[in-house]
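Remarks on the structure that follows.
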Amino acid sequence: MTTDVLNDHDSHEGEHHDDHKMTGIKRWLYTTNHKDIGSMYLWFSFIMFLVGGALAMVIRAELFQPGLQIVEPDFFNQLTTVHGLIMVFGAIMPAFVGFANWMLPMMIGAPDMALPRLNNWSFWILPFAFAILIGSFFMESGAPNFGWTFYAPLSTTYSNGSTAFFVFAVHIMGISSIMGAINIVVTIMNMRAPGMTYMKMPLFVWTFFITAYLLIAVMPILAGVVTMLLTDTYFGTSFFDAAGGGDPVLFQHIFWFFGHPEVYIMILPAFGIVSTIIPAFSRKKLFGYSSMVYATSSIAFLSFIVWAHHMFTTGMPLFGELFFMYCTMLIAVPTGVKVFNWMATMWRGSMTFETPMLFSIAFVILFTIGGFSGLMLALTPVDFQYHDTYFVVAHFHYVLVTGSLFSIFAGAYYWLPKWTGHMYDETLGKVHFWCSLISVNLLFFPMHFLGLAGMPRRIPDYALQFADFNKWVSIGGFAFGLSQLIFLAVVIKCIRGGEKASAKPWEGAEGLEWTVASPAPYHTFTTPPKID
Amino acid sequence: MDKGTEQAEQHKSLKQEIEQSAQQKNSKVIKKLMLIVFGMFGFGFALVPLYDVFCDITGLNGKTNDTAAAYADGGIDTSRTITVQFITRTAKGIPWQFNPVINEVKVHPGEMKFVKFYAKNESDRDIVGQAVPSVSPGLAAAYFQKIECFCFTQQPLQANEEIEMGLQFYVDLELPEEITTLTLSYTLYDITGKVDS
Ligand code: HEM
Ligand SMILES: [Cu+2]
């Protein structure tokens with residue numbers, strides 16, 4: 001009886017679906033459809049990626065040779081700060097929420113996200129947050145110049161006056177993320193098709209589930225710390241002001257208590273995406289599914305007790321340094337489990353190398369390099385040398401660009417046929433991949449050596465001996481930036497036309513999303529599928 | 001009412017029931033999640049006092065006692081001599097001269113000492129200063145006892161006024177063996193704005 005009623009859902013209730021009929025801008029403003037909202041998230045994040053990338057191009061142009069050529073030091077600081085904030089909160093995070101919106105309901109056999117109106121809100125407040133952030137470039141104060149980590153007192157006592165706008169923007173981003181995360185958790189808990197138990201969920205769904213919990217746990221901490229910053233700067237409190245009895249080091253503790261889980265928020269969904277793609281193109285089941293689930297959970301748990309590895313040089317007692325060093329190194333264990341599982345999945349598989357697979361394999365190798373440099377940074381004694389140098393910059397770009405971003409590319413290529421109904425241009429996709437791969441390594445690999453040789457991060461000028469490496473890094477940077485326009489071309493071409501995609505264009509792909517037509521109809525799984 | 005509409009009615013109410021129960025299930029989860037959200041927001045603020053307590057116990061951030069300690073007369077340990085160094089710093093924007101009168105003293109644990117610091121307001125406006133002390137190594141902070149200190153109070157100085165300010169302290173007998181040198185650092189802040197408001 002129950003299924004009977006749900007079967008009739010479509011025919012009986014027209015009023016729920018009238019977002020169908022809206023046209024033009026209204027369709028997008030009022031839509032509560034998970035696919036529309038997913039698309040908007042993905043486009044938004046891509047635009048932010050280009051904006052943040054444009055800022056990076058100016059940074060690399062300034063660093064092309066020693067001396068001050070193009071920008072003033074203060075403006076340089078604004079560039080690095082806003083670049084970081086945009087890439088973290090505007091490009092990577094919304095892209096993953098876009099994936100979640102598009103894919104989660106289809107993967108668990110649900111007709112939509114559980115809270116469609118909330119979903120609309122959580123997307124539509126985002127553009128305002130970034131309008132404020134980017135708009136501050138054009139204000140008298142200038143944009144935030146205290147680094148994406150906004151350490152007090154740089155952002156309080158010594159702020160250029162942009163703190164209020166910054167705090168406001170971060171609050172909006174935080175609210176958006178929390179609403180999005182609540183939606184994801186509720187959807188996964190309550191909307192799974194009958195028979196889909198937790199341990200039958202695709203790993204992709206698991207990683208988003210855990211990430212959403214991380215978001216719910218730490219975004220409020222971020223909201224709290226920016227609020228303290230605001231009152232310290234404008235209302236005379238002294239949370240972080242030594243003159244009034246506060247302690248600036250406390251800022252770092254609270255920030256990194258948010259900040260380290262935040263970096264896992266940006267990598268766990270990537271794990272989910274490559275764990276979907278690698279089995280598909282190896283034509284094997286994912287090796288060690290349940291160990292992947294446990295590894296993801298333990299990474300999430302451990303991420304709460306390692307934050308002070310960002311603060312080794314603040315003068316912690318020896319015990320603290322040892323504690324945080326060992327906890328950090330412990331994270332390498334579940335991370336290693338994952339890497340070995342991906343390798344085991346590929347082992348003796350009949351692999352093919354379409355663009356999504358290429359990006360996924362590059363992910364496994366290059367993310368691992370980032371993990372290794374992370375391990376080096378986790379060693380307290382050597383971190384005293386590496387801290388605040390380009391070595392750290394190399395580390396986090398390997399995990400975030402060749403890690404998170406590459407997984408986003410992989411996922412985009414993988415599901416583009418499902419989204420658009422057309423195959424993307426495979427040749428162009430491969431060109432995008434190889435251009436990105438070569439340029440990204442030229443861009444970030446030499447940074448390791450620059451850091452080891454002592455070049456500090458966040459500086460507009462540098463000593464002469466770093467000149468050669470910086471020249472190559474900048475060339476890599478420009479090439480990487482240009483390569484991303486190829487991606488834009490691929491996506492536009494794919495939306496406009498191309499070879500028709502079948503419901504399941506990838507031979508080895510698994511999952512409910514491939515049981516519906518391509519492009520995925522506006523409403524899918526209004527009748528829950530049968531899971532065995 | 002014919003049979004068809006009746007059935008449709010039944011359908012409709014059943015469907016509403018299902019939707020309602022789904023909504024109830026959802027709002028139950030949402031409530032729990034919102035509890036986490038508010039809880040963690042509060043936890044962020046709770047970290048402030050927690051950190052203070054933690055630092056008090058461990059001497060993590062080198063903060064010393066901010067109210068006068070009483071002299072605990074447990075004798076003087078002449079077998080050990082501790083060097084206590086004084087350094088001063090003025091925070092950005094306070095036009096004062098500020099330095100210790102002597103740069104270091106040698107004391108035995110348990111022995112009381114009195115030293116002086118000199119300050120002069122070199123500007124032509126009245127300014128209220130606040131000195132904030134910090135001890136390095138941080139673990140020693142708990143053993144550095146100030147009986148009297150200019151840092152316990154605000155220090156107003158009129159334009160061009162100068163002053164000598166006193167510090168009376170002793171080093172606790174319990175100071176760990178391995179510590180032989182203590183550095184006491186004062187940073188002087190301009191808090192005129194905060195006092196006015
Ligand atoms: C094996 C795992 C990892 C280890 C052991 C590790 C370790 C570290 C350490 C010790 C630092 C501090 C370096 C310093 O400032 O001196 C650091 C910085 C950083 N890590 Fe990782 N990390 C790991 C994975 C990741 C991942 C997966 C991400 C993000 C996707 C990430 C993003 C970052 C970022 C953004 C910073 C720099 C923050 C800043 O100061 O601006 N890390 N990492
Ligand atoms: Cu970290």
Options A:Gly246, A:Gly224; residue that is out of contact with any strand residue (DSSP E or B) (no Cβ under 7 Å at 6 or more places or on another chain), within 14 Å of another protein chain (Cβ to nearest Cβ) and either in a helix (DSSP H, G or I) or open to solvent by 20 Å² or more (accessible area, probe 1.4 Å) (or both): A:Gly224
All positions within segment A:183-201 that are open to solvent by less than 10 Å² (accessible area, probe 1.4 Å) and away from chain B (no Cβ under 14 Å): A:Met201
Matching residues, segment A:190-221, being in a helix (DSSP H, G or I) and of a type in the set (Lys, Arg): A:Lys200
Filtered residues of segment A:289-299 (kept if touching a residue at least 40 places away in the same chain (Cβ under 8 Å) and either open to solvent by less than 30 Å² (accessible area, probe 1.4 Å) or within 25 Å of B:Gly62 (Cα to Cα) (or both)): A:Met292, A:Val293, A:Ala295, A:Thr296
Top-ranked residue of segment B:110-141 - restricted to ones that are more than 18 Å from B:Ala69 (Cα to Cα) and part of a loop (DSSP other than H, G, I, E, B), ranked as most open to solvent (accessible area, probe 1.4 Å): B:Asp124
Meets criteria (within 26 Å of the chain's Cα centre (by Cα), at pLDDT 90 or above and open to solvent by less than 20 Å² (accessible area, probe 1.4 Å)) for B:Phe144: no
Selection count, segment A:422-456, where residues are open to solvent by 40 Å² or more (accessible area, probe 1.4 Å) and under 23 Å from the mean Cα position of the chain (by Cα): 7
Condition check for A:Thr276: within 14 Å of ligand 1 (Cβ to nearest atom) and polar (S, T, N, Q): no
Selection within segment A:300-356 - more than 16 Å from ligand 1 (Cβ to nearest atom) and either among the small types (Gly, Ala, Ser) or open to solvent by less than 20 Å² (accessible area, probe 1.4 Å) (or both): A:Ala344, A:Thr345, A:Gly349, A:Ser350, A:Thr355, A:Pro356
Flag for A:Gly147 being under 30 Å from B:Ala91 (Cβ atoms), open to solvent by less than 30 Å² (accessible area, probe 1.4 Å) and of a type in the set (Gly, Ala, Ser): yes
Some residue of segment B:45-67 being of a type in the set (Ser, Thr, Tyr) and exposed (fewer than 13 other Cβ atoms within 10 Å of the Cβ): yes
Near pairs, Cβ below 7 angstrom, 6+ apart or cross-chain, from segment A:311-332 (more than 9 Å from chain B (Cβ to nearest Cβ) and on the phi < 0 side of the Ramachandran plot) to any residue that is within 15 Å of ligand 2 (Cβ to nearest atom) and hydroxyl-bearing (Ser, Thr, Tyr): A:Phe312/A:Thr380; A:Glu321/A:Thr380; A:Met325/A:Thr380
Residue identified as within 16 Å of ligand 2 (Cβ to nearest atom), open to solvent by 10 Å² or more (accessible area, probe 1.4 Å) and either within 14 Å of chain B (Cβ to nearest Cβ) or in contact (Cβ under 8 Å) with a residue 24 or more places away in the chain (or both) among A:Tyr264, A:Tyr234: A:Tyr264
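Condition check ((1) without any contact (Cβ under 8 Å) to a residue 40 or more places away in the chain; (2) open to solvent by 50 Å² or more (accessible area, probe 1.4 Å); (3) more than 22 Å from A:Val490 (Cα to Cα)) across all residues:
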residue	(1), (2), (3)
A:Leu29	no, yes, yes
A:His34	no, no, yes
A:Ile37	no, no, no
A:Phe46	no, no, no
A:Val51	no, no, no
A:Leu55	yes, no, yes
A:Phe64	no, yes, yes
Number of the condition not met by A:Phe372 [criteria: (1) near ligand 1 (Cβ under 9 Å from one of its atoms); (2) touching a Phe, Trp or Tyr at 6+ places or on another chain (Cβ under 8 Å)]: (2)
Qualifying positions in segment B:147-197 - open to solvent by 60 Å² or more (accessible area, probe 1.4 Å), of a type outside the set (Asp, Glu) and assigned to a strand (DSSP E or B): B:Pro156
Some residue of segment B:97-107 being within 14 Å of another protein chain (Cβ to nearest Cβ), in contact (Cβ under 8 Å) with a residue 60 or more places away in the chain, open to solvent by less than 40 Å² (accessible area, probe 1.4 Å) and assigned to a loop (DSSP other than H, G, I, E, B): no
When residues of segment A:372-390 are limited to those that are hydrophobic (A, V, I, L, M, F, W, C) and touching a Ser or Thr at 6+ places or on another chain (Cβ under 7 Å), the one surrounded by the fewest Cβ atoms within 10 Å (Cβ to Cβ): A:Phe384
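Table: residues versus (1) facing chain A (nearest Cβ under 7 Å); (2) in contact (Cβ under 8 Å) with a residue 12 or more places away in the chain.
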| position | (1), (2) |
| --- | --- |
| B:Lys32 | no, no |
| B:Val37 | yes, no |
| B:Val48 | yes, no |
| B:Lys63 | no, yes |
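The values are calculated or read from the model by the stated rules, or taken from the named source; none is laboratory data. Just so you know, these numbers come straight off a predicted model, no measurement behind them. Using ideal geometry, Cβ is built from the backbone for each residue, glycine included, and neighbour counts are taken over all protein chains shown. Accessible surface is based on the protein model in full, side chains and every heavy atom, while ligands, DNA and RNA are left aside. Shrake-Rupley method; radii C 1.70, N 1.55, O 1.52, S 1.80 Å.
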